[in-house]
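> Take a look at this one; I'll ask things after.
The values are calculated or read from the model by the stated rules, or taken from the named source; none is laboratory data. Since this is a predicted model, take the numbers as computed values, not measurements. Here the Cβ positions follow ideal geometry from the backbone for every residue, glycine too, while neighbour counts run over all protein chains shown. In case anyone asks, the SASA skips ligands and DNA or RNA and just uses the protein heavy atoms, side chains included. Shrake-Rupley method; radii C 1.70, N 1.55, O 1.52, S 1.80 Å.
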Amino acid sequence: MTASLAVLGVPSGAGACGVGQHQTPAAIRAAGLIDSLSDVGYDVSDLGDSPVVPWRPDRSRPQAQNLEAVVRVVRTTATRVADALHEPGRTVLVLGGDCTVGIGTIAGIQHVLGDIAVAYFDLHSDLNTPATGTDGALDWMALAHMLAIHGTEPALAAAAGHAPLLVPSQILLFAHSMRHATRFERAEIERLGLARTAVEDVRGDPTGTARRALRFLTDRSERYAIHLDVDVVDFTDAPLSEHPSRNTGLKLDEMLAALKILASGPGLAAITLAELNPHNAAADQGLLERFATSFAEAIS
């Protein structure tokens, strides 16, 4: 039976640090993603894009910039993901956008399927809050708002209807770097008892660590989601991300090898692809096209 995949774009950089991420859904489609997904065997329904929301400096709310726009994007995304999942057996691929888009993905899944497990495949834990962060970019705070930890913005924490959206036992930080965590985030990881797989372990054994991660997810719930922030990829190896973290993270091939295992479970409900910036990727000719092809193969 051909697997059914709904693709929806959320061209929003409202929660980002700068300009560019709102162009990702269009850029990755132009790079051939939809055809690549069909080529690997998916029955693809391209549901198009939400309205474009570029990043703008928000001088009225410097510690939680563009909060109202982020809340609107989360609500719209939650509705679109829920609508897509009403077709039985369908998986959803959400093309962000910054990491706050993933709040809407998780909310939409849980509206239809109930509680799920989440692989937060990201070099960072995104557990900062407006009170503890410095630059006011809400994409550094996405998971904090899903957990509704103290100091988060109530309007965003409850944007999809209730807070918290997740409890700590549902989450696995995968390929996470303590070296890139703030002091506050490290304390929250310990306080919350969040499960984590270190980026160093994934680098040493991408498939083995991903198999163990998949067992963790399926032990927690019959259904699960993957939140993939491409800043987990070493910017020197493949300059895909918004945040140019050089000589750290995973090689692109290592990330894809782990993703292939993580995405192989029958309970996969959705994947959010976040923090890709086409402006940066353009520095490496043909990178987006190669990424589109290899990403489709990995999630097949």
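> What are the pairs with Cβ atoms under 6 angstrom where one residue, in segment 22-50, is over 23 Å from residue 260 (Cβ atoms) and the other, located anywhere, is open to solvent by 40 Å² or more (accessible area, probe 1.4 Å) and part of a helix (DSSP H, G or I)? Sequence gap at least six, or different chains.
From segment 22-50, the pairs are 50/76.
> So residue 240 clears everything in (1) aliphatic (A, V, I, L, M); (2) under 21 Å from residue 168 (Cα atoms); (3) in contact (Cβ under 8 Å) with a residue 12 or more places away in the chain except one condition, right? Which one?
Just one mismatch for residue 240, condition (2).
> Being closer than 19 Å to residue 256 by Cβ, in contact with a Leu (Cβ under 7 Å, 6 or more places away or on another chain) and among the hydroxyl-bearing types (Ser, Thr, Tyr), is that true of even one residue in segment 158-180?
yes
> Also: Just to be sure I understand the filter: pairs with C-beta atoms under 9 Å, separated by 6 or more residues or on different chains, first member in segment 1-12 and in contact (Cβ under 8 Å) with a residue 40 or more places away in the chain and at negative phi, second member of a type in the set (Asp, Glu) and open to solvent by less than 20 Å² (accessible area, probe 1.4 Å). Which pairs pass?
Close Cβ pairs satisfying both conditions: 12/98.
> Moving to a separate point now. Which residue pairs have Cβ atoms under 6 Å apart, sit 6 or more places apart or on different chains, and have a first residue in segment 248-275 that is closer than 22 Å to residue 110 by Cβ and a second that is in a loop (DSSP other than H, G, I, E, B) and aliphatic (A, V, I, L, M)?
Close Cβ pairs satisfying both conditions: 263/299.
> Just checking, which of 126, 135, 98 is within 17 Å of residue 16 (Cα to Cα) and open to solvent by 10 Å² or more (accessible area, probe 1.4 Å)?
Working: 126 fails: open to solvent by 10 Å² or more (accessible area, probe 1.4 Å); 98 fails: open to solvent by 10 Å² or more (accessible area, probe 1.4 Å).
Selected residue: 135, the only one of 126, 135, 98 that is within 17 Å of residue 16 (Cα to Cα) and open to solvent by 10 Å² or more (accessible area, probe 1.4 Å).
> Would you mind listing the strands (runs of 3 or more DSSP E) fully within segment 1-108 where at least 2 residues are of a type in the set (Ser, Thr, Tyr) and over 18 Å from residue 278 (Cα atoms)? So that I can check it myself, show each step before the final result.
Details: elements: 3-9, 42-49, 90-95.
By residue number, 42-49.
> Given the criteria within 25 Å of residue 20 (Cβ to Cβ), open to solvent by 10 Å² or more (accessible area, probe 1.4 Å) and not polar (S, T, N, Q), does residue 88 qualify? Steps first, please.
Details: within 25 Å of residue 20 (Cβ to Cβ): no; open to solvent by 10 Å² or more (accessible area, probe 1.4 Å): yes; not polar (S, T, N, Q): yes.
Here the answer is no, as residue 88 does not meet what is asked.
> Please go through segment 138-164 and give me each residue that is under 19 Å from residue 229 (Cα atoms) and either open to solvent by 10 Å² or more (accessible area, probe 1.4 Å) or part of a loop (DSSP other than H, G, I, E, B) (or both), ordered by number. Don't jump to the end; show me each part of the working.
We begin by selecting, within segment 138-164, every residue under 19 Å from residue 229 (Cα atoms); these are 138-147.
Hits for segment 138-164 are 140, 147.
> So, one more: Please indicate, with yes or no, whether at least one residue in segment 156-166 is touching a strand residue (DSSP E or B) at 6+ places or on another chain (Cβ under 7 Å) and in contact (Cβ under 8 Å) with a residue 40 or more places away in the chain. Spell out how you get there, then give the answer.
Taking segment 156-166 first, the residues touching a strand residue (DSSP E or B) at 6+ places or on another chain (Cβ under 7 Å) are 166.
Now drop any that are not in contact (Cβ under 8 Å) with a residue 40 or more places away in the chain, which leaves 166.
Yes, segment 156-166 has at least one match.
> Could I ask something else about it? Restrict the check to segment 93-114 and report whether at least one residue is in contact with an Asp or Glu (Cβ under 6 Å, 6 or more places away or on another chain) and among the polar types (S, T, N, Q). Before the answer, list the steps.
In the first step, residues of segment 93-114 are kept if they are in contact with an Asp or Glu (Cβ under 6 Å, 6 or more places away or on another chain); the result is 98-100.
Now narrow it down to the ones that are among the polar types (S, T, N, Q): 100.
Checking segment 93-114: at least one residue is in contact with an Asp or Glu (Cβ under 6 Å, 6 or more places away or on another chain) and among the polar types (S, T, N, Q).
> Are there any pairs, at least 6 apart or on different chains, whose C-beta atoms fall under 7 Å, with the first in segment 284-300 and under 14 Å from residue 233 (Cβ atoms) and the second in a helix (DSSP H, G or I) and among the basic types (Lys, Arg), and if so, which?
298/260
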